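Below is one structure, written out as structure tokens; the observations come after it.
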């Protein structure tokens, strides 16, 4: 059964689209759904979407909004408004780390190489 949509907004952001929908419960109260829809292109040129949905109820609004504001403020304060990525900046240089710098064990082969003798 499709619940009634009361109020909606859409945010298009590249391959992602965010849908903000106010819906009504069977009892007539309101809640919010936030849906992320991401477009993927298949090898043959066709495409499909993957969707993820969050349901937010009134009793969680205050704390959710507080934490969301805190986290977004932290990101902006630490990294600023400018997007930093190789996808958004043509002159972006990715930092390369050696296994010593990252404290990771270096890879010795392809991730598909499996040795069942170790099991």
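The values are calculated or read from the model by the stated rules, or taken from the named source; none is laboratory data. None of the values given here were measured: they were computed from a predicted structure. For neighbour counting, all protein chains shown are included, and Cβ atoms are generated from backbone atoms with ideal geometry for every residue, glycine included.
Could you tell me how many of the residues in the range 30-49 are within 17 Å of residue 15 (Cβ to Cβ) and surrounded by fewer than 10 Cβ atoms within 10 Å (Cβ to Cβ)?
Residues in the range 30-49 being within 17 Å of residue 15 (Cβ to Cβ) and surrounded by fewer than 10 Cβ atoms within 10 Å (Cβ to Cβ): 5 in total.
Since residue 80 meets every condition but one in (1) touching a helix residue (DSSP H, G or I) at 6+ places or on another chain (Cβ under 9 Å); (2) loosely packed, with under 10 Cβ neighbours inside 10 Å, which condition does it not meet?
(1)
Checking the condition over 17 Å from the mean Cα position of the chain (by Cα) and either assigned to a loop (DSSP other than H, G, I, E, B) or at pLDDT 85 or above (or both), which residue from 112, 17, 33 passes?
Of 112, 17, 33, the one residue that is over 17 Å from the mean Cα position of the chain (by Cα) and either assigned to a loop (DSSP other than H, G, I, E, B) or at pLDDT 85 or above (or both) is 112.
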